[in-house]
Amino acid sequence: MITGHGDDAYQFNYEIVSNFSSNVYNKFDLKDLKEYLWANIASIHSYPEPDALTLRKLIGKKLNISSEEISVTNGATEAIYLIAQAFRGSKTAVVIPTFREYEDACEIHEHSLYFIESLDNIEPDTQLVWLCNPNNPTGKIYDKEYLKGIISSNPNTCFVIDQSYAAFTENKIWNASEALNFNNVILLHSLTKCYAIPGLRLGYITAQKDKIDLIKHYSMPWSVNQLAQLAGLYLLENVTYKFSDYLPESQRVQRQLSEIFGIKVYMSEMHFFLCQLEQGKASDLKKFLIETEGFLIRDAANFRGLDASYFRIAVQDKMNNNLLIKAIEEWTKLSF
């Protein structure tokens with residue numbers, strides 16, 4: 001991690017009443033999971049499975065793919081760094097604005113990096129392309145058929161598609177089985193976001209076996225701890241998530257914020273979205289919201305392609321959403 005992230009509540013002396021900076025699902029009830037983990041706490045006296053075979057088999061069963069086409073990782077972030085290492089020194093494109101770890105990981109492993117805002121601008125001889133779909137921070141969702149066309153027309157380029165937010169959209173995006181029809185596609189998946197377990201760090205990669213073998217060559221044993229593996233098994237077997245009530249609330253908040261003078265909202269079909277101040281800095285708005293309401297938003301200035309005027313919001317419960325809208329409107333009246 002070179003440039004840092006949002007969700008930086010730990011840096012402030014104020015109580016955070018509602019965290020709009022984190023796009024992890026905020027309504028998930030972890031009570032049963034906590035009880036299950038506590039009942040199995042004695043298992044930490046043993047080493048975890050070095051390559052999470054039991055969890056890989058369960059994921060494979062759920063996705064209708066082979067366990068050999070899966071690699072379980074310490075969150076999607078470990079997957080990003082492993083892939084960057086496996087393709088060390090490649091000519092690599094990153095579609096921006098997006099999650100900064102793709103760039104950071106590639107810089108560490110000496111990729112020849114360039115940045116594009118459209119997949120139509122991929123340069124010849126590009127070996128690797130990073131794409132977040134649905135995208136963070138914009139919430140953009142790429143059409144499935146459009147992606148198929150781009151990938152098919154660039155057979156010598158490997159596309160790493162981060163689908164960490166796939167659970168939050170009702171749009172049709174690739175499932176792992178479909179993606180395996182292409183030997184130049186690697187999908188990233190996260191259990192962190194939809195199950196609200198960022199502290200446990202759990203994700204996985206799906207790709208054809210030769211790509212998985214290449215990536216696993218750089219994996220260290222026991223990278224996914226015992227409790228994280230147990231949590232994955234429990235959640236996939238026992239818990240379903242439903243976000244149908246989440247998305248309409250996001251649309252409502254976006255519409256109301258777009259009516260505030262001086263605020264531009266980049267409309268999104270996700271539970272999070274990007275905003276821009278017509279004047280002033282998002283860091284000043286962030287400071288105001290923390291000090292007056294205990295609300296934390298994501299200053300988006302460190303996303304490549306954005307500047308100090310951008311911020312991201314992930315919707316919370318209706319009451320706090322309304323208070324946020326009111327507070328932002330108050331700040332604009334004081335600042336503009």
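Filtering segment 65-106 to residues that are of a type in the set (Gly, Ala, Ser), touching a residue at least 60 places away in the same chain (Cβ under 8 Å) and either surrounded by fewer than 22 Cβ atoms within 10 Å (Cβ to Cβ) or touching a Gly at 6+ places or on another chain (Cβ under 8 Å) (or both) leaves 66, 75, 76, 79, 86.
Yes or no, residue by residue, for (1) more than 25 Å from residue 270 (Cα to Cα); (2) acidic (Asp, Glu):
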position	(1), (2)
111	yes, no
123	yes, yes
133	no, no
139	no, no
145	no, yes
150	no, no
153	yes, no
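Pairing each residue of segment 179-190 that is under 14 Å from residue 132 (Cβ atoms) and touching a residue at least 40 places away in the same chain (Cβ under 8 Å) with any residue that is among the polar types (S, T, N, Q) and surrounded by fewer than 24 Cβ atoms within 10 Å (Cβ to Cβ), provided the two are 6+ apart or on different chains, yields C-beta distances under 7 Å for 188/163; 189/163. Here residue 309 meets each of (1) over 24 Å from residue 115 (Cα atoms); (2) at pLDDT 95 or above with one exception, condition (1).
Among the residues making up segment 159-208, those that are at pLDDT 95 or above, assigned to a loop (DSSP other than H, G, I, E, B), within 28 Å of residue 230 (Cβ to Cβ) and more than 16 Å from the chain's Cα centre (by Cα) are 180, 207. Of the residues 327, 228, 300, the single one that is at pLDDT 95 or above, farther than 28 Å from residue 96 by Cα, touching a Pro at 6+ places or on another chain (Cβ under 9 Å) and of a type in the set (A, V, I, L, M, F, W, C) is 228. Considering (1) assigned to a loop (DSSP other than H, G, I, E, B); (2) touching a residue at least 60 places away in the same chain (Cβ under 8 Å), say which one residue 62 fails and leave the rest. Condition (1) is where residue 62 drops out. For segment 292-336, the set of residues classified as within 18 Å of residue 263 (Cα to Cα), part of a helix (DSSP H, G or I) and not β-branched (Val, Ile, Thr) consists of 321, 322, 323, 324, 326, 327, 329, 330, 331, 333, 334, 335, listed by residue number. Cβ-Cβ distances below 8 Å connect the following pairs, each with a first residue in segment 292-310 that is at positive phi, a second residue that is part of a loop (DSSP other than H, G, I, E, B) and of a type in the set (A, V, I, L, M), and a separation of six or more residues or different chains: 294/16; 294/17; 305/96.
Residue check: is residue 255 assigned to a loop (DSSP other than H, G, I, E, B), of a type in the set (Lys, Arg) and either within 21 Å of residue 171 (Cα to Cα) or at pLDDT 95 or above (or both)? It is false that residue 255 is assigned to a loop (DSSP other than H, G, I, E, B), of a type in the set (Lys, Arg) and either within 21 Å of residue 171 (Cα to Cα) or at pLDDT 95 or above (or both). Taken together, the residues in segment 128-162 that are surrounded by 15 or more Cβ atoms within 10 Å (Cβ to Cβ) and either outside the structural domain of residue 100 (by TED's automatic domain parsing) or closer than 12 Å to residue 185 by Cα (or both) amount to 15. Scanning segment 296-335 for residues that are of a type in the set (Lys, Arg) and either touching a helix residue (DSSP H, G or I) at 6+ places or on another chain (Cβ under 7 Å) or surrounded by 15 or more Cβ atoms within 10 Å (Cβ to Cβ) (or both) turns up 298, 304, 312, 318.
The values are calculated or read from the model by the stated rules, or taken from the named source; none is laboratory data. Given the structure is predicted, the values throughout are model-derived calculations rather than measurements. Neighbour counts run over all protein chains shown; Cβ positions are idealised from the backbone, glycine included.
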